[in-house]
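Engineer: Take this structure, written in structure tokens, and hold onto it; I'll ask about it next.
The values are calculated or read from the model by the stated rules, or taken from the named source; none is laboratory data. It should be emphasised that the depicted structure is a prediction, and the values quoted were computed from it without experimental measurement. We place every Cβ from the backbone using ideal geometry, glycine too, and count neighbours over all the protein chains shown. What goes into the accessible areas is simple: the full protein's heavy atoms, side chains included, and nothing from ligands, DNA or RNA. Shrake-Rupley method; radii C 1.70, N 1.55, O 1.52, S 1.80 Å.
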Amino acid sequence: MLTTLKRLLGGERKGGGASPTRLSASDSEARGLEAAQQDDIERFLEAARRADAQGHSPWVLRDAARLDTLRRALEFTVHRGLWLQRDGERVAHWQGRLLALRHGEGPPLGMLLACRPDDEAAWQLRFFFIEPQWQGSGHGARLLLAARRSLSGTPLHTRLPVICEAAIHSLEAAGFQRMHVDAAEVASFEAPAQWHR
């Protein structure tokens, strides 16, 4: 029983360095995951621009028109709960959630965008980030675990380049499993459904 308690309270550390551990539900709930506000969109766009500059963004944002298109899609998601998804020659209206991890009333520590075509489909995490000043403190895993609980009852999927090591550590610490890596070195991850307890 003592071994189980130690594992639940923080895992083991090897060589003095931090190792990713699975986080408990109370860790995520203490962080305040909530629907993003209009004012949070610029933070999300700035994080997407930083990722795009390194080739890690799901969007190409190197011109103002594309950035404005993403901004309008995020505004639509915040206000209507719908993500505008290109589907061949048309635009489909998927369910969408833009979520923010906060401490109290302050600005977000990080955010994520999740979408899915319908109630029966798994949520797809399109993009997530932790603000640079909060990186390396376990907030990425907390954001992802809180998202699993917030989007309860449904599996979550995401894809990202294998070079994004910190994001991958956060995914694994939050219970995501690597499914495969494609020829472009993009890894697919999946987390099973998780319900509120």
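Engineer: Can you run phi through the Karplus equation (6.51, -1.76, 1.60; θ = phi - 60°) for the stretch 45-51 and list ³J(HN,Hα) in whole Hz, with x for Gly and Pro?
Structural biologist: Going residue by residue, I get 4, 5, 5, 5, 5, 4, 5 Hz, with x marking Gly and Pro.
Engineer: Just flag the trypsin sites (Lys or Arg not before Pro) in the stretch 32-114 sitting in loop per DSSP whose Cβ has no more than 16 other Cβ atoms within 10 Å.
Structural biologist: Answer in residue order: R62.
Engineer: Put a dot 7 Å past each Cα toward the Cβ at R66 and E34; how far apart are the dots in nm?
Structural biologist: Simple spin-label model gives 3.4 nm for this pair.
Engineer: Here is a follow-up. Would you please give the residues with an amide H less than 5 Å from that of A193, counting only those at least 5 places away or on a separate chain, with H modeled from the backbone geometry?
Structural biologist: Sorted by chain and number, the residues that satisfy this come to none at all.
Engineer: Same structure, new question: Find, among the GluC sites (Glu not before Pro) in the stretch 137-197, those assigned to loop by DSSP (not H, G, I, E, B) with at most 13 other beta-carbon atoms within 10 angstrom.
Structural biologist: Loop-located and lightly packed - E185.
Engineer: Along the stretch 108-114, what does the Karplus equation 6.51 cos²θ - 1.76 cosθ + 1.60 (θ = phi - 60°) give for ³J(HN,Hα), rounded to whole Hz, x for Gly and Pro?
Structural biologist: Residue by residue, the stretch 108-114 yields x, 7, x, 8, 8, 10, 10 Hz.
Engineer: Could you check the spin-label model distance between A53 and Q95? Points 7 Å from the Cα along Cα→Cβ, value in nm.
Structural biologist: Reported label-point gap for A53 and Q95 is 3.6 nm.
Engineer: Okay, moving on. So who's got an amide H within less than 5 Å of the one on A36, skipping anything under 5 residues away but keeping other chains? H placed 1.01 Å off N, in plane.
Structural biologist: Those lying under 5 Å, H to H, from A36 are L98, L99, A100.
Engineer: Sorting C164, C115 by accessible area (1.4 Å probe), largest first, what list results?
Structural biologist: Most to least solvent-accessible, the answer reads C164, C115.
Engineer: L82's amide H: which non-local residues (gap 5+, or another chain) put their own amide H closer than 5 Å, with H modeled 1.01 Å from N in plane and none for Pro or chain starts?
Structural biologist: Residues meeting the amide H criterion: T77, G96.
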